[in-house]
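Novice: Dropping a structure here in structure tokens format, bear with me for questions.
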Amino acid sequence: MTAADTETQQFQAAHDRVLVCVAWPYANGPFHVGHVSGVYLPADVFARFERMRGADVLMVSGSDCHGTPITIRAEREGVPPVEIIDRYQASFLHTFDQLGIEFDLFTKTYTENHYAVTQDVFLRLLEKGYLYRDRMTGSYSETQGRFLPDRYVEGICPNCGYARARGDQCDNCGTLLDPEQLGSPYSVLDGSPITFRETEHVFLDLGKLEPDLRAWLDGADREYWRNNTVSFTRNWLREGLHGRAITRDLDWGVPVPLPDEVFKDKRIYVWFDAVIGYLSASKEWAATAGDPQAWRRWWDATDPAAAQARSYYFLGKDNIPFHTIIWPAMLIGYGGLNLPYDVPAAEFMNLEGEQMSTSRNWAVWLPDIEDRYQPDALRYYLMAIAPETRDSNWSWSDFVTRINSELVATWGNLVNRVLSFTYRNFDGRVPEPGDLTELDRALLAERDAAFARVTDLIAGAHLRDGLKEALALAAAVNRYLDETAPWKALKSDRAAAGRALWTAIQVIDTLKVLTTPYLPFAAERLHALLGFEPGDEQQGTWSGRGHQGGIAIPATARWAIGEVPPGQTLRQPEPLFTKLDPTLAGEELARLRRESVSA
Ligand SMILES: [Zn+2]
């Protein structure tokens, strides 16, 4: 890639608007490594990359406060739902802070703003004829004398025969369900059998929206969507779309904005309000930033510039139909708002070869590890094994091996070796390149090619491969140093040693850029070790801020190949990463087994 190409890309990127929407976690428990590896960290890596390219990025999410997972937990503990929400909202924010996952806004659905935006969407859809009232049968608990939400009901999956399918979805095969489809349904509260009674609800008329939805889906080449996103969507559409109830017999959630008595004891169903969170959070961010209309920059399809904004939805595969069918249908019905551009959905992550399980406590919880390991070590492993295209597996022995052999040996030691040797033998300054040899030029060409490849991979949300490419470039520098051996050349040919070190330092500087989205803490330190000042005009500032109201961005952090000028004074080198004691793997595994409960 020539400098001119880079300039052109930067120019285009500067006009890009990118909305990064991240699935709303239920505030009913802390994050485990599968959540972070599949959803939150990839979103952060992607958003950092787009910010570095100069795009106008908004990244939002928040706690889903209305799901029955919250009320089930609250009932079990005998506390109000708000107490559960506050506890896990704080837990989420702590994890994000520890791992350097930076949202423009991570809010929650239990806010006045979200209630107002949800009710506005409801009323607009009603006004435009996309909602209708109908009677349906509800799951009724005779022992408790009340209707139960779908998640309080379990039974046998009609599709795969899984014995503990939930009333809304089978966790085993992913099929979305109604409680009535389950075999032998029972209440999760007391195990008593469920009966079904008539109750009135409001429905979203998906059938009416289907032609427009299909036109949108077929109207563009979706080849860039991940396979799982495409196949989950196709499977759902194959059966045709039917009306779906968007209210429930519940007392916890967004009130139904209808005057009728009959809806006084009903609430808007959580799946309907949670997806609206992307819009309400964008509005909340704008209001907080002091520019209440600013959300339109990413949403307003009637504004030509805003209509070009690309919105990405990072989520787990069990959430795909809500984001490729239901949410787009709601947006089409509402009108004037941008539809999703891409829905990079994650597969599942296993743990030590077995399915993770909250009930068995077979999971690695972030609050248990986030204070004990370097954030970049966790980020490295979580991205290296991210379940992007197939299910992946967290293993403690693999964790230790890959941190030590890849992050520390291939990347960290390369930096430390080159910078320490240069610092000691060249007066703490970057040497002069002199006349480059074939070998030096070959490495720089390899660097340029790798830069272009990583750019394409991250832009296409192939984040795991992007990291792999970056590491491969680091390995290429190690091979180059084996061949040029500046440590040996120093005495016989000081100019040759200087030339090799200059070349290696240039590629290390590019690797700093390429790894910034993945390893932001180490990249920031490396930037300083290379002798750059925070706020350096040429390199951009590391402590600068993004668009107004936005978050701190390490803005080196321009996504471009830079130069470390000869003569630049380095800072006293120090290792970027800590090598892990190999016995850690056994200790962590023992702890995991000790704390898990047998099924
Ligand atoms: Zn099933």
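The values are calculated or read from the model by the stated rules, or taken from the named source; none is laboratory data. Computed from a prediction, not measured in an experiment: that's the story for all the values here. When we count neighbours, we look across all protein chains shown, and the Cβ atoms used for this are built from the backbone with ideal geometry, even at glycine. With ligands, DNA and RNA removed, areas are computed over all heavy atoms of the protein, side chains included. Shrake-Rupley method; radii C 1.70, N 1.55, O 1.52, S 1.80 Å.
Novice: Met59's amide H: which non-local residues (gap 5+, or another chain) put their own amide H closer than 5 Å, with H modeled 1.01 Å from N in plane and none for Pro or chain starts?
Specialist: Amide H neighbours of Met59: Val20, Asp104, Leu105.
Novice: Please report the relative contact order for region 1-143, taking Cα pairs under 8 Å with a sequence separation of at least 6, and give it as a percent rounded to a whole number.
Specialist: For region 1-143, the relative contact order is 26 percent.
Novice: May I ask for log10 I(q)/I(0) of region 6-165 at q = 0.09, 0.11, 0.17 Å⁻¹, from a Debye sum over the Cα atoms as equal point scatterers with solvent left out?
Specialist: Evaluating at q = 0.09, 0.11, 0.17 Å⁻¹ gives log10 I(q)/I(0) of -0.47, -0.67, -1.18.
Novice: Keeping the other protein chains in place, figure out the carbon and sulfur percent of the accessible area of region 441-494, with a 1.4 Å probe.
Specialist: On region 441-494, the fraction of accessible area on carbon and sulfur atoms equals 51 percent.
Novice: Mind giving me the nanometre distance, one decimal, between the label points for Glu198 and Glu180, set 7 Å out from Cα along Cα→Cβ?
Specialist: 1.2 nm
Novice: Check Ser392: other-chain or 5+ apart residues with amide H under 5 Å from its amide H, H built from backbone geometry?
Specialist: For Ser392, the qualifying residues are Phe348, Met349, Asn350.
Novice: Here's something else I'd like to know. Taking only DSSP H segments of four or more residues, each worth -39500 (n - 2.57), what value at 222 nm results for the chain once the sum is divided by all its residues, to the nearest 500 deg cm²/dmol?
Specialist: -13500 deg cm²/dmol, from helical runs alone.
Novice: A follow-up question, please. Have a look at Ile194, Ala289, Ile246 and report the one farthest towards the positive end of the charge dipole of the chain, computed about the Cα centre with Cβ charges (Lys/Arg +1, Asp/Glu -1).
Specialist: Ala289
Novice: Under the Karplus relation 6.51 cos²θ - 1.76 cosθ + 1.60, θ = phi - 60°, what is the ordered set of whole-Hz ³J(HN,Hα) values for region 424-432, x standing for Gly and Pro?
Specialist: Going residue by residue, I get 6, 9, 10, 6, x, 10, 5, x, 6 Hz, with x marking Gly and Pro.
Novice: Classify region 169-307 as rounded, prolate or oblate from the Cα gyration tensor: take a ≥ b ≥ c as the square roots of its eigenvalues, call it rounded if a/c is under 1.5, otherwise prolate when a/b beats b/c and oblate if not.
Specialist: oblate
Novice: Work the Kirkwood hydrodynamic radius out for region 265-392: mean of 1/r over every pair of different alpha-carbon atoms, inverted, in Å. Each step should come with its number before you reach the end.
Specialist: Working: mean 1/r = 0.0568 Å⁻¹.
Over region 265-392, the inverse of the mean reciprocal pair distance is 17.6 Å.
Novice: For Ala301, which sequence-distant residues (separation of 5 or more, or a different chain) have an amide H within less than 5 Å of its own amide H, given hydrogens modelled in the peptide plane?
Specialist: Hits under the 5 Å cutoff: Leu337, Asn338.
Novice: Then there is this: In region 373-440, which chymotrypsin sites (Phe, Trp or Tyr not before Pro) are in a loop and have at most 16 other Cβ atoms within 10 Å, using DSSP for the loop call?
Specialist: Those that pass, being in a loop and sparsely packed, number zero.
Novice: In whole Å, largest first, what are the principal axis extents of the Cα atoms in the chain?
Specialist: That gives 91, 58, 40 Å along the principal axes, largest extent first.
Novice: Projected onto the charge dipole of region 490-529 (+1 at Lys/Arg Cβ, -1 at Asp/Glu Cβ, origin at the Cα centre), which of Thr503, Thr515, His527 gives the Cα projection farthest towards the positive end?
Specialist: Thr503
Novice: If you don't mind, there's one more thing I want to ask. With r as the distance between the Cβ atoms of Ala90 and Asn425 and R0 = 60 Å, compute the FRET efficiency 1/(1 + (r/R0)^6) and round to 0.05.
Specialist: Values: r = 50 Å, r/R0 = 0.83.
Result of the calculation: an efficiency of 0.75.
Novice: Report the relative contact order of region 208-302, percent, no decimals, based on alpha-carbon pairs under 8 angstrom and at least 6 residues apart.
Specialist: 16 percent
Novice: Dipole magnitude of region 76-218 about its Cα centre, charges +1 at Lys/Arg Cβ and -1 at Asp/Glu Cβ only, in debye to the nearest 20?
Specialist: Charge dipole of region 76-218: 280 debye, to the nearest 20.
Novice: Let me check against my output: what whole-number percent is the relative contact order of the chain, with C-alpha pairs under 8 Å and at least 6 apart?
Specialist: 16 percent
Novice: Could you give the semi-axes, largest first, of the ellipsoid that matches region 106-229, computed as the square roots of 5 times the alpha carbon gyration tensor eigenvalues and rounded to whole Å?
Specialist: Those come to 30, 22, 16 Å.
Novice: Past 30 Å, Cα to Cα, is the threshold; run Lys108/Lys579; Lys317/Lys579; Lys108/Lys128; Lys108/Lys266; Lys108/Lys512; Lys264/Lys317 against it and keep the listed order. Show your work: numbers first, answer last.
Specialist: On the way: Lys108/Lys579 38 Å; Lys317/Lys579 34 Å; Lys108/Lys128 28 Å; Lys108/Lys266 21 Å; Lys108/Lys512 35 Å; Lys264/Lys317 35 Å.
Pairs exceeding the cut-off: Lys108/Lys579; Lys317/Lys579; Lys108/Lys512; Lys264/Lys317.
Novice: How big is the dipole moment of the chain about its Cα centre under a simple scheme where the beta carbon of each Lys and Arg is +1, that of each Asp and Glu is -1, and everything else is neutral? Debye, nearest 20, please.
Specialist: Roughly 620 debye for the chain.
Novice: Next question. For region 296-363, what does the convex hull of the Cα positions come to per residue, in cubic angstrom? Display every interim value, and only then the final one.
Specialist: Values: hull volume 7.3 nm³, N = 68.
Normalising the Cα hull of region 296-363 by residue number yields 107 Å³.
Novice: Can you pull a Stokes-Einstein diffusion coefficient for region 472-539 at 37 °C (0.692 mPa s), Rh from Kirkwood over Cα pairs, as a whole number of µm²/s?
Specialist: In µm²/s, the coefficient is 249.
Novice: Which of the peptides 401-409, 102-110 is most tightly packed, and how do the rest follow, going by the mean number of other Cβ atoms within 10 Å of each residue?
Specialist: Packing order, densest peptide first, comes out as 102-110, 401-409.
Novice: Identify, among Leu148, Ala474, Tyr132, the residue whose Cα sits farthest towards the positive end of the charge dipole of the chain, taking +1 on the Cβ of Lys and Arg and -1 on the Cβ of Asp and Glu, with the dipole about the Cα centre.
Specialist: Ala474
Novice: May I ask you to give the solvent-accessible area per residue for the chain, in square angstrom, as obtained with a 1.4 angstrom probe? Intermediate values should be presented prior to the final figure.
Specialist: Numbers: 24350 Å² over 599 residues.
That works out to 41 Å² for each residue.
Novice: Could you sort Arg151, Arg594, Arg372 by accessible area so the largest value comes first, with the probe set to 1.4 Å?
Specialist: Details: Arg151 55, Arg594 165, Arg372 95 Å².
The residues order as Arg594, Arg372, Arg151, largest area first.
Novice: Okay, moving on. Extending each Cα 7 Å along its Cβ direction at Ser359 and Ala590, get the distance between those two points in nm, one decimal.
Specialist: 3.1 nm
Novice: May I ask you to compute the full-extension gain from Gln98 to Asp371, defined as 0.36 nm times their residue separation minus their alpha-carbon distance, rounded to one decimal in nm?
Specialist: Between Gln98 and Asp371, full extension yields 97.5 nm more.
Novice: Applying the Karplus parametrisation 6.51 cos²θ - 1.76 cosθ + 1.60 with θ = phi - 60° to the phi angles of region 469-486, what ³J(HN,Hα) value in whole Hz is obtained for each residue in order, glycine and proline being reported as x?
Specialist: My calculation for region 469-486 gives 4, 4, 5, 5, 5, 4, 5, 5, 5, 4, 5, 4, 6, 4, 6, 7, 6, x Hz in order.
Novice: Related question: Find the centroid of the Cα atoms in region 311-327 and in region 570-589, then give the distance between the two in whole Å.
Specialist: Answer, in whole Å: 37.
Novice: At 7 Å along the Cα-to-beta-carbon direction for both Ser231 and Gln308, put a label point, then send me their distance in nm to one decimal.
Specialist: 3.6 nm
Novice: Then there's this: Based on the alpha carbons, how large is the Rg to Rh ratio for region 100-164 when Rh follows Kirkwood?
Specialist: Reported Rg/Rh, Kirkwood definition of Rh: 1.13.
Novice: Find how many whole Å separate the alpha carbon centroid of region 331-351 from the alpha carbon centroid of region 485-518.
Specialist: 43 Å
Novice: With a cut-off of at most 16 other beta carbons within 10 Å, and DSSP calling the residue loop, which chymotrypsin sites (Phe, Trp or Tyr not before Pro) in region 206-280 qualify? Please list them. Provide the component values of the computation, followed by the final result.
Specialist: Values: sites: Trp216, Tyr224, Trp225, Phe232, Trp236, Trp252, Phe263, Tyr269, Trp271, Phe272, Tyr278; in loops: Tyr224, Trp225, Trp252, Tyr269.
Passing both the DSSP loop test and the Cβ count: Tyr224.
Novice: Using θ = phi - 60° and the Karplus curve 6.51 cos²θ - 1.76 cosθ + 1.60, what whole-Hz ³J(HN,Hα) does each residue of region 439-448 get, with Gly and Pro shown as x?
Specialist: 4, 5, 5, 4, 5, 5, 5, 4, 4, 4
Novice: Among residues other than Leu592 whose Cβ falls under 13 Å from its Cβ, what is the net charge (Lys/Arg +1, Asp/Glu -1)?
Specialist: -2
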